[in-house]
Amino acid sequence: MKAKFIAIFLALSVLNIPAQAGDNHKIPPTKQSASASSKINLNKADLATLTGSLKGIGKKRAQAIIDYRDTHKGFKSVEELAEVKGFGAHFVEVNRDKLKEVFIIK
């Protein structure tokens with residue numbers, strides 16, 4: 001008798017799993033595309049914001065971005081990061097799409 005109850009319970013549990021899995025379309029996606037408002041402004045971001053904003057940008061490169069923009073009166077384009085000490089043209093070329101997803105110039 002006890003085995004029948006366990007079997008019925010397991011059968012009902014298995015039947016409910018697909019029904020619950022079908023409700024996933026109601027949950028909003030957690031990963032959203034970056035909009036202009038969520039992008040980091042290269043001409044205003046502080047050290048903490050720039051650090052870790054993109055793979056390869058640590059504290060030293062973030063400080064180099066700030067130093068460069070202070071001495072050159074800001075960035076005119078994301079590609080100008082190639083001129084920043086520690087970056088170079090190769091880094092910008094390899095990461096061009098990612099840079100444009102993360103940063104904005106205002």
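Before moving on, here are some points about what is shown:
- Looking across segment 94-105, just one residue is without any contact (Cβ under 8 Å) to a residue 12 or more places away in the chain and either assigned to a loop (DSSP other than H, G, I, E, B) or within 21 Å of K60 (Cβ to Cβ) (or both), and that is V94.
- Within segment 52-69, considering residues that are within 14 Å of I104 (Cβ to Cβ) and hydrophobic (A, V, I, L, M, F, W, C), the one modelled with the highest pLDDT: I65
- Selection over segment 30-51 of residues that are more than 20 Å from K76 (Cα to Cα) and either modelled with pLDDT of 95 or more or surrounded by 15 or more Cβ atoms within 10 Å (Cβ to Cβ) (or both) gives a count of 2.
- Close Cβ contacts (under 6 Å, 6 or more residues apart or on different chains) running from residues in segment 1-12 that are modelled with pLDDT of 75 or more to residues that are among the hydrophobic types (A, V, I, L, M, F, W, C) are absent.
- Just so you know, in segment 52-93 the residues that are β-branched (V, I, T) and assigned to a helix (DSSP H, G or I) include one that is surrounded by the fewest Cβ atoms within 10 Å (Cβ to Cβ), and it is T71.
- Residue check, A45 part of a loop (DSSP other than H, G, I, E, B), among the aliphatic types (A, V, I, L, M) and within 20 Å of the chain's Cα centre (by Cα): yes
- Pairs are defined by a Cβ separation below 6 Å, a sequence spacing of at least 6 or placement on different chains, a first member in segment 79-93 that is within 17 Å of R69 (Cβ to Cβ), and a second member that is surrounded by 15 or more Cβ atoms within 10 Å (Cβ to Cβ) and aromatic (F, W, Y); the pairs so defined are L81/F87; V84/Y68.
The values are calculated or read from the model by the stated rules, or taken from the named source; none is laboratory data. As the structure is a computational prediction, the values presented were derived from the model and not from experiment. Quick reminder, even Gly has a Cβ in these numbers, built from the backbone with ideal geometry, and neighbours come from all protein chains shown.
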